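Engineer: Dropping the structure in here first, questions after.
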Amino acid sequence: VAEERGFDEFYLVAFPRLHRQLTVMTMDAEQARDALQEAFARAWQRWGKVSRMDNPDAWVRTVAWRLCVSQHRRRMVAIVGNRKLAGRDAPFDDQRDQVLDVREALRRLTPDHRRVLVLHEMCGLSVVEVAGETGLPVGTVKSRLFRAREALAGVLGDGYAESLGAES
Amino acid sequence: MNLHDALDQVARDAEALPVPAVADVRTRGEALRHRAHRRTALLTAAAVAVASVAAYAVASSTIKHDIRPAEYGWGIVDKYDVPRFGLLAGNVDGALWVEDTHNRRMNADRTVPLCEVLVIDPDTGAATDSIPGACGGWPLVAAGALWMEPFFNRLVRVDLGTHEVRYLKPQRHGSNSLQGAVYADGSIWVASPYEHEVLRIDPDTLEVTDRILITAGMPGKTAAYFDGSVWFNVLSEGQLVRIDPTTNKVESVVDVSTDPDEDTSRLLVAGDRLYSLTGTTIYEVDASRVGDEQVVKSTRLRDSADVHGGIEGSAVGLGAIWVSTRNPDLVYRIDPETLKITDTIPLPPVTDRAPQDSIDVLVADDAVWVRTEGQLMEIARQSKSTD
């Protein structure tokens, strides 16, 4: 019972947070949710081990990411995503056009580039920590971050520069 | 809008979907636990069966064991320093064909690769010939040709007799790799992972005669022909996919590893047995019942596999399975029946290893060949005089 309670608490807190991150990584909220559900199931399968990890979030996120990559949906992501985009009502009023541009710019990035961007920008991981979670060399992480930011700079305009300025 | 706001806007898509019920997630987790327990029980039963057979063999003295004591074991008996060396490609008429991986570039108009295959005399280690324009991984010798799946998104066919090199670029979108060629039922079968397809190719015309959609995931790495079926790994899923070459349909998807950190990467066939390897472990798969294939035995060779090391090469021959690992650099000789390690052969240390360097194993004639950076080594059964 205590095990269940511990898992349930972890799940209810971590799921929404990880779902947001995976949604940006995959550009598909439904795919992200399905993958996360399976990743949490695998976490429960070996909860004795996962619960003792320093960062169970990272374990679940990594498993979910691998599921997303492998779930034969790469082609579908673009098709379904574009369909959703076309059918969605304007949710952000005056910023709508810019949001659409951002979506398109993000979609044009490879999933691997989006993953690095999200880990750094949304999860707050350092470059070294991103390298640790992805298994990539630090130099590769830096170059992917650079390319991802470069791709977004054009559509974000001045605000993008401000956000970078605020970081440094 | 700043970057964080932009990402946040996209992330809001997630909030429109309900969080799945935690009870459902736990139920799924329980099912995974039971599946793992069932597999453990099967492995235990298989181990008991092996032990019973071994006990019977000792009692009746009817089975001869071909494994000698360590002092007569296997080890490196010859070593050649051969710079510029690449991937072990195959054994053709007693010569070793190896790829020069040190020049993996295209020519200026990106039509022909600049790398080559070297033909090596195994007695001297000297290159006796070269085949320009041929290179690639996952080599396969079949249908009178050497087949390679290279870095420039084409399938390479090198005629064994004339050394003519031909290229096939069968993908629809151009930027994806081909992996895992196997020869079966008169065709070359190769995976196009990012298309989620297995391609069936006429070995003479190089025409794609069929495309089989793999819905289980991305097919890739190595492939095998076993028990009348074509087998491919499913990348990142710890699974194999089995294809009937008479219908070109997927017959079944086989779970090999339930560990999400484990990716099936190699397939081996030794006699009437099929083996699947991950970065850490070798599994034997009982494929006798289509749709009910099971892992019946496994041996874990190392604790983990990552970018710094793991299982790298594998081959079958001379009555054993040969597996190479990096960091530590070792070659294991494994009994194909019991999956027990019968010999462990340490390789000489390598300094300044190139990123693309791997430790390849090839069984040719009466020797095992291992390639590491700049060196070709022959492994054979040692006598006392060579110790």
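Engineer: State whether one or more residues within segment B:328-336 are charged (D, E, K, R), modelled with pLDDT of 85 or more and out of contact with any Phe, Trp or Tyr (no Cβ under 7 Å at 6 or more places or on another chain).
Structural biologist: Within segment B:328-336, one or more residues are charged (D, E, K, R), modelled with pLDDT of 85 or more and out of contact with any Phe, Trp or Tyr (no Cβ under 7 Å at 6 or more places or on another chain).
Engineer: Condition test on B:GLY228, is it under 25 Å from B:THR344 (Cα atoms) and surrounded by fewer than 22 Cβ atoms within 10 Å (Cβ to Cβ)?
Structural biologist: In short, no.
Engineer: Specify which of the listed residues (A:LEU117, A:LEU164) is among the hydrophobic types (A, V, I, L, M, F, W, C), at pLDDT 50 or above and more than 15 Å from A:ASP28 (Cα to Cα).
Structural biologist: None of the others qualify; the one that does is A:LEU117.
Engineer: Just a yes or no: is a residue in segment B:217-233 within 14 Å of chain A (Cβ to nearest Cβ), part of a loop (DSSP other than H, G, I, E, B) and in contact (Cβ under 8 Å) with a residue 12 or more places away in the chain?
Structural biologist: Yes, the conditions are met somewhere in segment B:217-233.
Engineer: Give the residues of segment B:234-280 that are part of a loop (DSSP other than H, G, I, E, B), in contact with a Gly (Cβ under 7 Å, 6 or more places away or on another chain) and small (Gly, Ala, Ser), sorted by residue number.
Structural biologist: B:SER236, B:SER257, B:SER265, B:GLY279 - these are the residues of segment B:234-280 that are part of a loop (DSSP other than H, G, I, E, B), in contact with a Gly (Cβ under 7 Å, 6 or more places away or on another chain) and small (Gly, Ala, Ser).
Engineer: I'd like the residue in segment A:1-15 that is surrounded by fewer than 13 Cβ atoms within 10 Å (Cβ to Cβ) and either within 7 Å of another protein chain (Cβ to nearest Cβ) or assigned to a helix (DSSP H, G or I) (or both) and, out of all such residues, is modelled with the lowest pLDDT.
Structural biologist: A:ALA2
The values are calculated or read from the model by the stated rules, or taken from the named source; none is laboratory data. Since this is a predicted model, take the numbers as computed values, not measurements. All Cβ positions, even for glycine, are placed from backbone atoms using ideal geometry, and neighbour counts span all protein chains on display.
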